[in-house]
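Participant: Quick one: the structure is below, questions incoming.
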Amino acid sequence: MASKLRLGVNIDHVATVRNARGGSYPSPLSAALLAQAAGADGITAHLREDRRHISDRDILELMDNISVPLNLELAATDEMREIALRHRPHAVCIVPEKREELTTESGLDVVGHRDRLSQFIEPLRDAGFRISLFVDPTSSQIECAAEIGADIIEIHTGTYCETSVTNRDAGSIELDRIAAAASLAATAGLEVHAGHGLTYATVKPVAALPEIMELNIGHYLISEAIFRGLAASVAEMRRLMVEARAS
Ligand code: PXP
């Protein structure tokens, strides 16, 4: 069980701002290097099929220049698998993707797409990548992830983050689901990560769960960087994570 909880900084929304005006500013690579210097343990980027934020060139630049691991989020398509095999990131996190969604709305249906996902991950596993599946905190999905040979599950914390702001009781029920899911996954031999929607207000209860080894956080950190700068934004998240883990 991990004593140190890793922080993966998702830099997608630096690319969102850049793409709002075209050109190359602000640079996701510069943000990744700043986050790395501020203590990020890894950088996460989601290459979406529609390339709405991160581009193929961003992945190339990140792979060439960062010294912490890159966790590449992608949909289970042939194109994305070919890109992963070409760039060889440290880890691949498979997420569901719908073109019309604003962000990743739910976890993968591993049970429903068991055979397809199993075939999809095989060459990636053979190539030595760490395979992570982004799932809702549901026991059947987690058991199936373990059965098809995933190394990691990343538990979707979006519902917990949304509900805990508006309805504390519902938030607490969601947190219990996440805790049970983390425990089940660790027992099944999976490494446990979590992410989506985490903020300074919601991170501590998740960070306190002892099975969780990594949090991947993006939108809030990049947003908070507008007000306090990226290094301070990352450092404060790290401080809260350390505080939660110590308590
Ligand atoms: N984990 C996964 C699998 C995601 O798809 C995302 C969003 O790209 C995140 C974590 C980070 O979510 P947020 O940007 O809300 O912190």
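Participant: Evaluate the charge dipole of segment 102-230 about its Cα centre and quote only its size in Debye, nearest 20, assuming +1 on the Cβ of each Lys and Arg and -1 on the Cβ of each Asp and Glu.
Facilitator: Its charge dipole is roughly 320 debye.
Participant: Moving on. Tell me which trypsin sites (Lys or Arg not before Pro) from segment 99-206 have a DSSP coil assignment and no more than 16 other beta carbons within 10 Å of their own.
Facilitator: Qualifying residues, ordered by number: ARG99.
Participant: Can I ask one more? What ranking do LYS98, LYS204 get, fewest neighbouring Cβ atoms within 10 angstrom at the top?
Facilitator: LYS98, LYS204
Participant: Moving on to the next point. Can you check what the net charge comes to around ALA208, using other residues whose Cβ is under 12 Å from the Cβ of ALA208 (Lys, Arg +1; Asp, Glu -1)?
Facilitator: Neighbour charge sum, excluding ALA208 itself: 0.
Participant: Another one. Largest first and in whole Å, what are the equivalent-ellipsoid semi-axes of the chain based on the Cα gyration tensor, each being the root of 5 times an eigenvalue?
Facilitator: Semi-axes from the Cα gyration tensor: 25, 23, 16 Å.
Participant: For VAL68, VAL206, VAL92, what ranking results if the residue with the fewest other Cβ atoms within 10 Å of its Cβ goes first?
Facilitator: Least crowded to most crowded, the residues run VAL68, VAL206, VAL92.
Participant: A further question on this structure: Dipole size in debye (nearest 20) for segment 1-56 around its Cα centre, Lys and Arg Cβ +1, Asp and Glu Cβ -1?
Facilitator: The calculated dipole for segment 1-56 is roughly 100 debye.
Participant: Classify segment 1-51 as rounded, prolate or oblate from the Cα gyration tensor: take a ≥ b ≥ c as the square roots of its eigenvalues, call it rounded if a/c is under 1.5, otherwise prolate when a/b beats b/c and oblate if not.
Facilitator: Cα axes put segment 1-51 in the oblate bin.
Participant: What spacing in nm lies between the two simple spin-label points modelled at ALA235 and THR77, each 7 Å away from Cα in the Cβ direction?
Facilitator: Modelled inter-label distance: 4.0 nm.
Participant: At HIS219 and LEU85, where each label point lies 7 Å from the Cα along Cα→Cβ, what is the point-to-point distance in nanometres?
Facilitator: 3.4
Participant: Calculate, in nm to one decimal, what ARG116 and THR166 gain on full extension: separation in residues at 0.36 nm each, minus their alpha carbon distance.
Facilitator: The ARG116-THR166 span can extend by a further 14.3 nm.
Participant: Sticking with this one: What FRET efficiency, computed as 1/(1 + (r/R0)^6) with R0 = 35 Å and r the Cβ-Cβ distance, is obtained for ALA244 and ASN19, rounded to the nearest 0.05?
Facilitator: Once the sixth-power term is evaluated, E becomes 0.55.
Laboratory data are not the source of any read-out in this text; all were calculated from the coordinates shown. This is a predicted model, so every value here is computed, not measured. Counting neighbours? That spans all protein chains shown, and the Cβs are built from the backbone with ideal geometry, glycine included.
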